[in-house]
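> One structure follows; several queries about it will come next.
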Amino acid sequence: MTVSARLAELGIELPAVAAPVAAYVPAVVHGGLVYTSGQLPFAAGSLPATGKVGAEVAADDAKAYARTCALNALAAAADAAGGVDRIVGVLRVGGFVASVPEFSGQPGVINGASEVLGEIFGDAGRHARAAVGVPVLPLDSPVEVEVTFILA
């Protein structure tokens, strides 16, 4: 099954590629891989929430935002690669969670990204990962996710 067919089966429509917020490009193709820049959970051009997980943002909401970040990453990768069906798997996910010092649930938050990639790619969506707590992210976003995808 193609990735586009799987997305349709799941009822997932990829968003438009989010415009960079600084001096970089959303994704770069190199050596059979697509590296995405860190993606924020932009939906319809704006962040759904700002602040720290464990304070202004609930962990369950942040998990949903991580899912959005992963879909934004897939959209950026597809745009750079010449189409979503050129992407055949996921190599690595890097997740950043802006959180209060006592919050230690970063892996659960970034599961939002990992789980949707698994739904889309099946076994080819299994990946290496980092889930890191940080004091602040660009635009005061609660989460940021970068993904390295594998090309056909």
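The values are calculated or read from the model by the stated rules, or taken from the named source; none is laboratory data. Because the structure is a prediction, the values reported are computed rather than measured. Backbone-built Cβ (ideal geometry, glycine too); neighbour counts: all protein chains shown. Quick note on the areas: whole protein, heavy atoms, side chains included, nothing else; ligands and nucleic acids left out. Shrake-Rupley method; radii C 1.70, N 1.55, O 1.52, S 1.80 Å.
> Taking region 135-152 as the region of interest, how many residues are in a strand (DSSP E or B) and either of a type in the set (Ser, Thr, Tyr) or open to solvent by less than 30 Å² (accessible area, probe 1.4 Å) (or both)? Give the steps one after another, and end with the answer.
Filtering region 135-152 down to residues in a strand (DSSP E or B) leaves 143-151.
Now narrow it down to the ones that are either of a type in the set (Ser, Thr, Tyr) or open to solvent by less than 30 Å² (accessible area, probe 1.4 Å) (or both): 143, 145, 147-149, 151.
Qualifying residue count, region 135-152: 6.
Here is a yes/no grid of residues against (1) of a type in the set (Lys, Arg); (2) surrounded by 19 or more Cβ atoms within 10 Å (Cβ to Cβ); (3) more than 13 Å from the chain's Cα centre (by Cα); (4) modelled with pLDDT of 95 or more:
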site	(1), (2), (3), (4)
LYS52	yes, yes, yes, yes
SER104	no, no, yes, yes
VAL109	no, yes, no, yes
ALA113	no, yes, no, yes
ASP123	no, no, yes, yes
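> Another question about this same structure. Given the structure, is VAL84 closer than 15 Å to GLU144 by Cβ, among the β-branched types (Val, Ile, Thr) and either crowded, with 17+ Cβ neighbours inside 10 Å or touching a Lys or Arg at 6+ places or on another chain (Cβ under 8 Å) (or both)?
no
> Is at least one residue of region 12-30 closer than 19 Å to VAL116 by Cα, of a type outside the set (A, V, I, L, M) and touching a residue at least 40 places away in the same chain (Cβ under 8 Å)?
For region 12-30, residues closer than 19 Å to VAL116 by Cα, of a type outside the set (A, V, I, L, M) and touching a residue at least 40 places away in the same chain (Cβ under 8 Å): present.
> Quick check, is ALA22 of a type outside the set (Asp, Glu), more than 14 Å from GLY83 (Cα to Cα) and either open to solvent by 40 Å² or more (accessible area, probe 1.4 Å) or touching a helix residue (DSSP H, G or I) at 6+ places or on another chain (Cβ under 7 Å) (or both)? If you could, list the steps in order and put the result at the bottom.
Values: of a type outside the set (Asp, Glu): yes; more than 14 Å from GLY83 (Cα to Cα): yes; either open to solvent by 40 Å² or more (accessible area, probe 1.4 Å) or touching a helix residue (DSSP H, G or I) at 6+ places or on another chain (Cβ under 7 Å) (or both): yes.
In short, yes.
> Within region 32-49, take every residue that is within 10 Å of the chain's Cα centre (by Cα) and not hydrophobic (A, V, I, L, M, F, W, C) and give me the one that is surrounded by the fewest Cβ atoms within 10 Å (Cβ to Cβ).
Start the filter on region 32-49 by keeping residues that are within 10 Å of the chain's Cα centre (by Cα), which leaves 36-41.
Filter again for not hydrophobic (A, V, I, L, M, F, W, C), leaving 36-39, 41.
Working: THR36: 25, SER37: 19, GLY38: 22, GLN39: 29, PRO41: 26.
Among those that are within 10 Å of the chain's Cα centre (by Cα) and not hydrophobic (A, V, I, L, M, F, W, C), it is SER37.
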